[in-house]
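Just below is one structure, and these are the notes that go with it.
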Amino acid sequence: MQQQGLASRPRPSLLLEPGPKHLATADEEDALLLLRQALRHAAEHLNEPEDEDAQRAAVEELRAWVQGQPHLNARTDDWSLTCFLRGCKYKQDRARKKITNYYEMRSRVPEWFHVRDPTLPTLLHLLKLGVFLPLLKKDEEGRTVVLIRAVIHDPYKHKQSDVFKIGKMLVDLLLETDEIISIYGVFAVIDLNGVSLGHALQLTPPVIKKAVHAWQDCYPVRTRSMDFINAPMYVNVVLNIFRKFMNDKLKKRVHVHGKSLDSLHKVVSPSILPEEYGGTCGTLQELRDYWLEQAVGKRLWFLDNEKHKADSGNIATQD
C-alpha cells in the first residue's frame, strides 16, 4: 500500500488555455498549493482514499459495473469515474445511480445534449453574450464561482433550451479540465437583471423540473450555493416552483440578494468578481472572450462527446 501522490492521481487529459494573468490564480506554485489542499479536502470530507491502491480499487469497482451496463454508452476512463465517485462521497451505489441518471438524461433531453457545435450561429451568439461565465479564480473555499446571466438573452430570438445547452456544455468542459471543481463544487450567482415576462414564460414547470433534476441528481458536481442577484420583488413566485423539485439540502442553499451588490460581496469576494459586479478582477468582456475561445477551441471534443448517451430504447419513461 502506498500514499497517493500528485503524479499518480487520476486527472483530466483535456486542458484549457491559460487565461489572462490578472483573471487567474497568481502562479503555478499557488495553483499547486490549491490542488494539494483540495486533495486533502477530498480525503477528509469526500471519503477519497489516500492510499493509491484503495483509490484505484474504488475506480476499478465502478468501472466493472459501468462495463456491465453497455446500454449507457458511458465513459469508463479513470478521470470521469473519479468525478462521479467524488460527487457521491465514494459510495458505489450512489455513484451508479448518478451515472445512470446522467447518461439517461443526455439521451432523454436532446435539446440540451445533442448538436453541441459551439460554432453554430445560435450557440455562438449566446457564447458572445456571456450567458454562462465561470470565474477563473476560486473563492475562499475553493469553489468555482459561475456567473449565470440568466436573462441577458432575447427570449423572442433565443430558445431557453439553447441557453441551458451552453451552460451544460461549459460545465462538462469544466469537469473535463478542472481538478478542483469535482472536489469543492460550484457557487452559482444568477443575475436576473432585465428579467421580463418573455423570460418567465420560457421557464415552464417541466423545464424547471428537468433543470433541478440535472443539478441534484445527474451531474457529478455539487451545487454549493445558488445566489440570485438583481432579483425582482416577485422572484419567489418563480423560485417556489424550483423549490418544489428540490431536495431539502438544495433548498437551503438558495439565497436571494435583491439589488444589493454589497450583500453579494459578503459571500463572494470582490477580488474575484469582474468590475461590472463591483469587483477588481477584470471585466465581463474579458471573461466572454476567454470562454468563447475555449468553447470554440474544443469543438471537436464537444462533437465526439455526444456519443456518450444511453440507448433511448433502454430508458424508462418519466412523467
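For the range 55-73, the count of residues that are at pLDDT below 95 and open to solvent by less than 60 Å² (accessible area, probe 1.4 Å) is nonzero. Taking the range 104-205 as the region of interest, the helices (runs of 4 or more DSSP H) fully inside it that hold 1 or more residues being at pLDDT 95 or above and either in contact with a strand residue (DSSP E or B) (Cβ under 9 Å, 6 or more places away or on another chain) or of a type in the set (Phe, Trp, Tyr) (or both) are 110-113, 121-129, 160-177, 181-184. Does Asp191 satisfy the criteria of being touching a residue at least 40 places away in the same chain (Cβ under 8 Å), over 15 Å from the mean Cα position of the chain (by Cα) and surrounded by 18 or more Cβ atoms within 10 Å (Cβ to Cβ)? When the stated conditions are applied, Asp191 passes them. Return the residue satisfying two criteria in turn: it lies in the range 206-224 and is open to solvent by less than 20 Å² (accessible area, probe 1.4 Å) and not in a loop (DSSP other than H, G, I, E, B), and of such residues it is farthest from Ser161 (Cα to Cα). Ranking the qualifying residues of the range 206-224, first place goes to Cys218. The residues listed here are Leu170, Leu124, Leu175; of these, the one that is open to solvent by less than 10 Å² (accessible area, probe 1.4 Å) and out of contact with any Asp or Glu (no Cβ under 6 Å at 6 or more places or on another chain) is Leu170. One residue stands out in the range 268-305 among those that are touching a Ser or Thr at 6+ places or on another chain (Cβ under 7 Å) and hydrophobic (A, V, I, L, M, F, W, C): the one that is farthest from Ala214 (Cα to Cα), namely Cys281. Residues in the range 248-264 that are more than 16 Å from Ile190 (Cβ to Cβ) and either surrounded by 14 or more Cβ atoms within 10 Å (Cβ to Cβ) or more than 18 Å from the chain's Cα centre (by Cα) (or both): Asp248, Lys252, Asp262.
Looking at the range 229-240, can you tell me whether even one residue there is at pLDDT 95 or above and assigned to a helix (DSSP H, G or I)? There is no residue in the range 229-240 that is at pLDDT 95 or above and assigned to a helix (DSSP H, G or I). Within the range 252-282, the set of residues being more than 22 Å from Val151 (Cα to Cα) and of a type in the set (D, E, K, R) comprises Lys252, Lys266.
The values are calculated or read from the model by the stated rules, or taken from the named source; none is laboratory data. Please read all numbers here as calculations on a predicted model, not as lab measurements. All Cβ positions, glycine included, derive from the backbone under ideal geometry; neighbour counts span all protein chains shown. Heads up: the accessible areas ignore ligands, DNA and RNA and are worked out on the full protein's heavy atoms, side chains in. Shrake-Rupley method; radii C 1.70, N 1.55, O 1.52, S 1.80 Å.
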